[in-house]
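Chemist: One structure, as structure tokens, below. Some questions next.
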Amino acid sequence: MPELPEVETIRRGLDNQIAGLRIKSVQVKKARLVKGSVKKFIAVLTGNVFLKFNRRGKLLIAALKSGQFLLIHLKMTGQLIYQHGRQLIAGGHSFVGMDWRLPNRHTHIIFSFRNGSRLFFNDLRQFGYMKIVSKIELEKELKKFGIEPLTAGFSLKNFVEIFANKKTSAKALLMNQKFIAGLGNIYADEVCFYAKVKPSRRVPSLTEGEIKKLYQGCRVILAKAVKARGTTFSDYVDADGRQGGFIKFLKVYGRKGEKCRRCRRGVIVKIKQGGRGTHFCPQCQQ
DNA sequence: AAGTAGACTTGTTTCC
DNA sequence: CCTTAACAAGTCTACT
């Protein structure tokens, strides 16, 4: 679930809540969720301090006092829930009927802090992971990511360059983390709608104007989604315990069968593209 | 090299 | 209504 706006929202919440806290203990209930040696993972984290939470694309990066880093990827269904006393502060995937008593059956890793608070890493599908890396390894990881939207480096010129000599579809390119970091299935569909471009359009067929619109779409939609604290499905809550408000701004995602909110003529269709549900208006997207 | 299908996993939804 | 197959917001691997 979490794409750039949701991960950024979680990052801010964690940075507010647990940056500066010393880790009293770490419990790994499912080794699958830890990449590398679990023994080392526990040894490094126990007694360590979370200094700062950063983000690259959809990857969370916690700087540790020891000089190492904890990488956290939530993939589709990961959640980070911080519990302090009776207060629950959560972020990530959620679903109707989930068990808010913690830990629950999807809790795989638990961090305990000295003040009695705890951070739970839950993941229904167990695709997510945590991993300890050195500074050098971190830099190697970060090289895999393309341009970061919502930063100064995200210029039209750089964006246009990405589209040169590509043969794939507009949506596949937008979602490729190697070129643009942070867009996933929801926001890629929304950006294509904004630009009036069918997600399946081949990149070589795109006009200059359409590429510019796609660029603007990335900026406008991601900025707005971050401001709304991400997109909420069912009872997802963000890292400050509030619901993400972007769902009401979605124009095509999850709106199959609805009349197009822009042209008022087309009906939103959902097709399968690259194995993903893809939504667009056949009337106003070319 | 670039592009894409398949795999990973578990719970829910949808269709017959 | 029950059963079953399809489907789900991400990314890595392996293949063409």
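Coordinate-derived values only; no laboratory data. Since the model is a prediction, treat every value here as computed from it, not as a measurement. Ideal geometry is used to build each Cβ from the backbone, glycine not excepted, and the neighbour counts take in all protein chains shown.
Chemist: With an 8 Å Cα cut-off and a minimum separation of 6 or more residues, compute the relative contact order for the stretch A:156-280 in percent. Intermediate values should be presented prior to the final figure.
Modeler: Details: 169 pairs, mean separation 26.7, N = 125.
21 percent.
Chemist: Pick from A:Ala43, A:Ala225, A:Ala172: which is most flexible by mean-square fluctuation in a GNM of chain A where alpha carbon atoms under 10 Å apart are linked?
Modeler: Judging by the Gaussian network model, the answer is A:Ala43.
Chemist: Given 20 °C and 1.002 mPa s, compute D for chain A with the Stokes-Einstein relation, Rh being the Kirkwood radius over Cα pairs; round to the nearest whole µm²/s.
Modeler: Working: Rh = 19.8 Å.
Reported coefficient: 108 µm²/s.
Chemist: I need the per residue convex hull volume for the stretch A:4-142, using only the alpha carbons, in cubic angstrom as a whole number.
Modeler: 98 Å³
Chemist: Can you give me the Rg/Rh ratio for the stretch A:101-190, using Cα atoms for both radii and the Kirkwood formula for Rh? Spell out each step's value before the answer.
Modeler: Details: Rg = 18.3 Å, Rh = 16.5 Å.
Result: Rg/Rh = 1.11.
Chemist: Here's something else I'd like to know. What angle, in degrees between 0 and 90 and rounded to the nearest 10, separates the Cα long axis of helix A:208-227 from the longest principal axis of the Cα atoms of chain A?
Modeler: Helix A:208-227 sits roughly 40 degrees off the main axis of chain A.
Chemist: Based on the Cα gyration tensor of the stretch A:156-280, what are the three equivalent ellipsoid semi-axes, each the root of five times an eigenvalue, rounded to whole Å and given largest first?
Modeler: Values: eigenvalues 115, 64, 34 Å².
For the stretch A:156-280, the semi-axes come out at 24, 18, 13 Å.
Chemist: Still on this structure, I have one more. Given Cβ point charges of +1 (Lys, Arg) and -1 (Asp, Glu) and nothing else, what value in debye, to the nearest 20, does the dipole of chain A about its Cα centre take?
Modeler: On the way: 55 positive and 19 negative charges, 91 e Å.
Magnitude of the dipole: close to 440 debye.
Chemist: So what is the calculated 222 nm ellipticity per residue for chain A, using -39500 (n - 2.57) for each DSSP H run with n of 4 or more, over all residues, to the nearest 500 deg cm²/dmol?
Modeler: Helix contribution divided over all residues of chain A: -8000 deg cm²/dmol.
Chemist: Given the options A:Arg12, A:Arg105, A:Arg55, which has the most mean-square fluctuation in a GNM of chain A, springs set between C-alpha atoms less than 10 angstrom apart?
Modeler: Looking only at A:Arg12, A:Arg105, A:Arg55, the largest GNM fluctuation is found for A:Arg105.
Chemist: Please list, in chain and number order, the residues 5+ apart from A:Ile109 or on another chain whose amide H is under 5 Å from its amide H, with Hs placed from the backbone.
Modeler: A:Lys29, A:Phe121
Chemist: Still on this structure, please answer the following. Using the structure shown, select from A:Lys58/A:Lys198; A:Lys171/A:Lys224; A:Lys30/A:Lys178 the pairs with a Cα to Cα distance greater than 23 angstrom.
Modeler: Listed pairs above 23 Å: A:Lys58/A:Lys198; A:Lys30/A:Lys178.
Chemist: Can I ask one more? Students often get this wrong, so check it: of A:Lys167/A:Lys272; A:Lys29/A:Lys272; A:Lys143/A:Lys196; A:Lys52/A:Lys227; A:Lys35/A:Lys65, which have C-alpha atoms separated by over 27 Å? Could you put the intermediate results ahead of the total?
Modeler: Working: A:Lys167/A:Lys272 19 Å; A:Lys29/A:Lys272 36 Å; A:Lys143/A:Lys196 32 Å; A:Lys52/A:Lys227 21 Å; A:Lys35/A:Lys65 20 Å.
The pairs that break the limit, which is 27 Å between Cα atoms, are A:Lys29/A:Lys272; A:Lys143/A:Lys196.
Chemist: Report, to the nearest 10°, how far helix A:185-194 tilts away from the longest principal axis of the Cα atoms in chain A, using its own Cα long axis and a range of 0 to 90°.
Modeler: The angle comes out near 30 degrees.
Chemist: Further question: For chain A, with a Gaussian network of springs between Cα atoms less than 10 Å apart, report the residue from A:His106, A:His73, A:His84 with the top mean-square fluctuation.
Modeler: Result: A:His84 has the largest fluctuation of those listed.
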